[in-house]
């Protein structure tokens, strides 16, 4: 609501721009996103698998490259509305080797890989105020934005190889979870430098505050067999999660903190 009020004030305080032409533009951008991801990095990735042999923890997922698109409508000479979507992902891998009991073969060598991947799809609206502008040469702008659609997909796979003499037995655990929404507020500055009348280079820096809602499993499946003796290996285990169950960490449900800096560069096409 405060952002909507600000947008209305900015629109009302400027004059129409429709007669100037080139009131629409499209930008393709790439950059770097430094979302905090505290719960993921400090808790979930530090946990080991509950299935023997244990695997983990995994390295932290820090900032990652991202890319996106935006469509800008110049409503007034100094004010624009911008629809934006962006995408980025991070990955972390842990490898474990050793020996463990498997079926009735006794203690056998094993190797295991834990791979965690998290992807972010963000959709939002920005209001952009042009602080300085020289037609067909440059412009400097301030912007505020709100993302009310933040979809997070979390995948965690465990792949085990048990070596029995000249045979290999493969087992895995494949899981996928998604968030059910989220929010992001952002503000920042940027600028365009025109290469031609219809093409410009863009640089922007934004600070974002927000998080995604807790994650719930969309699917959870495994290829362990009854004769793999999981019941004996995990006495009193509540069993594997099911679709719809939350993704737990030590003291709650996994959530994604998205607060952090974002820096982008792109190409803007005016039409």
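Within the range 182-197, not a single residue is more than 24 Å from residue 69 (Cβ to Cβ) and in contact with a strand residue (DSSP E or B) (Cβ under 8 Å, 6 or more places away or on another chain).
Among the residues of the range 152-168, the ones that are on the phi < 0 side of the Ramachandran plot and surrounded by fewer than 17 Cβ atoms within 10 Å (Cβ to Cβ) come to 9 in all.
Taking the criterion of being surrounded by fewer than 16 Cβ atoms within 10 Å (Cβ to Cβ), more than 23 Å from the chain's Cα centre (by Cα) and at pLDDT 95 or above, the residues of the range 197-234 that qualify are 199, 201. Taken as a whole, the structure leaves residue 147 outside the set of residues that are modelled with pLDDT of 95 or more, out of contact with any helix residue (DSSP H, G or I) (no Cβ under 8 Å at 6 or more places or on another chain) and more than 22 Å from residue 247 (Cα to Cα). Taking the range 33-92 as the range and being over 25 Å from residue 173 (Cβ atoms), under 13 Å from the mean Cα position of the chain (by Cα) and crowded, with 19+ Cβ neighbours inside 10 Å as the test, the residues that pass are 33, 35, 66, 68, 86, 88.
Return the only residue of 182, 188, 106 being buried (at least 19 other Cβ atoms within 10 Å of the Cβ) and at pLDDT below 90.
Numbers: 188 fails: at pLDDT below 90; 106 fails: buried (at least 19 other Cβ atoms within 10 Å of the Cβ).
None of the other options fit; the residue is 182.
The values are calculated or read from the model by the stated rules, or taken from the named source; none is laboratory data. Bear in mind the structure is a predicted one, so any value in this text is a computation, not a measurement. Glycine also receives a Cβ, built like all others from the backbone with ideal geometry; neighbour counts cover every protein chain displayed.
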